[in-house]
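Since the structure comes first, as structure tokens, the remarks are kept for the end.
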Amino acid sequence: MPVASFQSDVYEAAVLALAEARKPAVILFPHSVDTWGYAPAVAMRGGFGCATDVIDVKYDGGDLVAVRAVYAEKLHMEVDFPERETVVLTVRTNVFKPTEADGSPAVSEFAAPQTQARTEHITYIEPEQTGDVDISQAEYMLSVGRGVGEEENVEQFKELADSLGFTLGCSRPIADNGWLPKSRQVGQSGKTVVKCKVYVAMGISGSVQHMAGMKHVPSIIAINKDAEASIFTIAKYGVVGDMFEIAEELRGHFS
Amino acid sequence: MTGEILVAVEHRQGALSPASLETIAAAIELKGDTDRSIAVAVIAEKPDDFVAQVSKAGVDE
Ligand SMILES: Cc1cc2nc3c(=O)[nH]c(=O)nc-3n(C[C@H](O)[C@H](O)[C@H](O)COP(=O)(O)OP(=O)(O)OC[C@H]3O[C@@H](n4cnc5c(N)ncnc54)[C@H](O)[C@@H]3O)c2cc1C
């Protein structure tokens, strides 16, 4: 009995029935408030392997390996599932870039089992928008890190980003200091810049946590006064220099 | 290798969630060079409404 709105019991029964009929090797769910409730239940009832909030998933030989961030995101842990024919995984949001290319898959119907939902959908409340901008959707980003030095210096980089048509982002210390809103933070505990094509990192050292949110970007331009900074290991273009001087140069070129 | 990759997507107010499209992308990446197929399941009263949205290159059913 599929319903218009989400019903945990109905979804759980439908996925279990599908799993029974199709014997999938993996069932992927988005890691969301809906699936927190029912995906582990599907795994338990089906006797499947399970890992939640995975940030990567791959086959190592024939074996499925899921990657989770643990110890307050300080470590990445690989999980395997010996002798599980089916594995349930919930996939962290803002990690995988949606595929744009369309296809033409076969379409079939599957009758979901009759299920008595224990909950009733009454109304939908639109969540309040908290961030001032959605950096996960930005195509051109200019991010500042601790190299910016002081809060009053941030504004000039905001103006520079605006004048270039870029969205201003930052590393975590900048958001933690309250110099920019948390919604602008790029990285593991911030956002992944899923749609970004060009990423300019100014005064950012390139911690693993920061790179987790931007290393996939095809054109990364790093500006750092330390030639040994890790950010240069993933940058397509690198400038060893002072971010304020480079900003001044850019202003001269584009104003 | 046998066994497909099944993706269970979700929707709200008649719209597929962005996270669902990301999960389909994860499935496509996982499929990679394997010969596994990808099936996307839409659990809904009118699943047809979502067919076009989940019909991404790399999805088989
Ligand atoms: C659980 C956890 C989650 C985390 N999540 C995130 C996250 O989501 N995002 C994130 O960014 N961090 C995150 N961090 C923090 C991360 O570990 C780093 O501490 C942080 O990314 C460092 O920020 P930064 O590069 O701006 O600063 P620093 O590492 O201090 O680097 C500053 C850089 O600026 C350069 N510099 C200084 N002055 C100039 C100048 N005038 N011109 C040019 N370059 C200059 C320096 O050479 C240096 O490389 C997380 C940490 C933990 C433990």
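The values are calculated or read from the model by the stated rules, or taken from the named source; none is laboratory data. In this text the structure is predicted, and so the values were computed from the model without any measurement. Glycine also receives a Cβ, built like all others from the backbone with ideal geometry; neighbour counts cover every protein chain displayed. The protein model used for the area step is the full one, side chains on, heavy atoms only, and it has no ligands, DNA or RNA in it. Shrake-Rupley method; radii C 1.70, N 1.55, O 1.52, S 1.80 Å.
So the values come out like this:
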quantity	calculated
Sole exception among (1) in contact with a strand residue (DSSP E or B) (Cβ under 6 Å, 6 or more places away or on another chain); (2) at pLDDT below 95 for residue A:67, by number	(2)
Residue within the range A:138-157 that is open to solvent by 50 Å² or more (accessible area, probe 1.4 Å), within 17 Å of residue A:251 (Cα to Cα) and over 22 Å from the mean Cα position of the chain (by Cα) present	yes
Members of the range A:92-151 found to be more than 9 Å from chain B (Cβ to nearest Cβ), of a type in the set (Ser, Thr, Tyr), touching a Ser or Thr at 6+ places or on another chain (Cβ under 8 Å) and away from the ligand (no atom under 16 Å from the Cβ), listed by number	A:119, A:130, A:140
Check on residue B:7, more than 7 Å from every other protein chain (Cβ to nearest Cβ) and either open to solvent by 50 Å² or more (accessible area, probe 1.4 Å) or free of Cβ contacts under 8 Å to residues at least 60 places away in the same chain (or both)	no
Count - residues of the range B:33-61 that are open to solvent by 50 Å² or more (accessible area, probe 1.4 Å) and facing another protein chain (nearest Cβ under 7 Å)	3
Every residue from the range A:17-34 that is open to solvent by 40 Å² or more (accessible area, probe 1.4 Å) and within 7 Å of chain B (Cβ to nearest Cβ)	A:22, A:23
Any hit, the range A:35-42, residues being within 19 Å of the chain's Cα centre (by Cα), at the interface with chain B (Cβ under 8 Å from one of its Cβ atoms) and in a loop (DSSP other than H, G, I, E, B)	no
Strands (runs of 3 or more DSSP E) contained entirely in the range A:46-95, each with at least 3 residues that are open to solvent by less than 40 Å² (accessible area, probe 1.4 Å)	A:49-60, A:63-70, A:87-91
